[in-house]
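S.K.: Got a structure for you, written out below as structure tokens; questions coming shortly.
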Amino acid sequence: MSRYLIPLLLFIALVGLFAIGLGMDPRRVPSPFIGKPAPAFDLPQLHAPGQRLTHAMLRGRSVLLNVWASWCVECRHEHGLLLQLARQHQVQIYGLNYKDPRADALRWLEEFGDPYVLSAADEDGRVGIDYGVYGVPETFVVDAGGIIRYKHIG
């Protein structure tokens, strides 16, 4: 009897875990970076690869750091909102172009518009990994002291 009971209980437990997982909102994944200093970075600028964009350049004012890529379908959906925010001049938006060939990223900005004060080219994705990015788009609110206050996925 117990020979059949153990697999049945394991199956019921797995179904319960899957049901809980299906009820979760993937946009509400808690970030361990909230309330902590934004990870340091030093990357080439997308438009001027001979110049750098660093985390220190973002200090002194609250900014949005938007992680995006030309191959990202969802990035196209949010791009209109970023353009609106940029036109309102209420917050500065910096871009982190993630795992994207430079030519593709520049072409994408030319076609859809460029809401960014500056964009950095994270071609190998290491800075994205440091920020805990697991998919694009992701946007971070970083305060004037360089502390991550919010992370929005999608």
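S.K.: What about LYS99, is it in contact with a Phe, Trp or Tyr (Cβ under 6 Å, 6 or more places away or on another chain) and either over 18 Å from ALA40 (Cβ atoms) or at pLDDT below 95 (or both)? Steps first, please.
M.R.: Values: in contact with a Phe, Trp or Tyr (Cβ under 6 Å, 6 or more places away or on another chain): no; either over 18 Å from ALA40 (Cβ atoms) or at pLDDT below 95 (or both): yes.
Answer is no for this residue.
S.K.: Could you list, in sequence order, the residues of region 85-102 that are outside any loop (DSSP other than H, G, I, E, B) and more than 13 Å from the chain's Cα centre (by Cα)? So that I can check it myself, show each step before the final result.
M.R.: First pass over region 85-102, keeping only residues outside any loop (DSSP other than H, G, I, E, B): 85-88, 92-98, 102.
Those that are outside any loop (DSSP other than H, G, I, E, B) and more than 13 Å from the chain's Cα centre (by Cα): LEU85, ALA86, ARG87, GLN88, GLN92, ARG102.
S.K.: What residue, of ASP122, ASP143, is charged (D, E, K, R), touching a Lys or Arg at 6+ places or on another chain (Cβ under 6 Å) and over 21 Å from LEU83 (Cβ atoms)?
M.R.: ASP143
S.K.: Looking only at region 30-84, count how many residues are of a type in the set (A, V, I, L, M, F, W, C), out of contact with any His (no Cβ under 7 Å at 6 or more places or on another chain), in a loop (DSSP other than H, G, I, E, B) and more than 15 Å from ASN97 (Cα to Cα).
M.R.: Start the filter on region 30-84 by keeping residues that are of a type in the set (A, V, I, L, M, F, W, C), which leaves 33-34, 38, 40-41, 43, 46, 48, 53, 56-58, 63-65, 67-69, 71-73, 75, 81-83.
Remaining after also requiring out of contact with any His (no Cβ under 7 Å at 6 or more places or on another chain): 33-34, 43, 46, 48, 53, 56-58, 63-65, 67-69, 71-73, 75, 81-83.
With the extra rule that they be in a loop (DSSP other than H, G, I, E, B), the set shrinks to 33-34, 46, 48, 69, 71-72.
If we keep only those that are more than 15 Å from ASN97 (Cα to Cα) as well, we get 33-34.
So the answer is 2.
The values are calculated or read from the model by the stated rules, or taken from the named source; none is laboratory data. Bear in mind that the values here come from a model prediction, so they are computed numbers and not experimental data. All Cβ positions, even for glycine, are placed from backbone atoms using ideal geometry, and neighbour counts span all protein chains on display.
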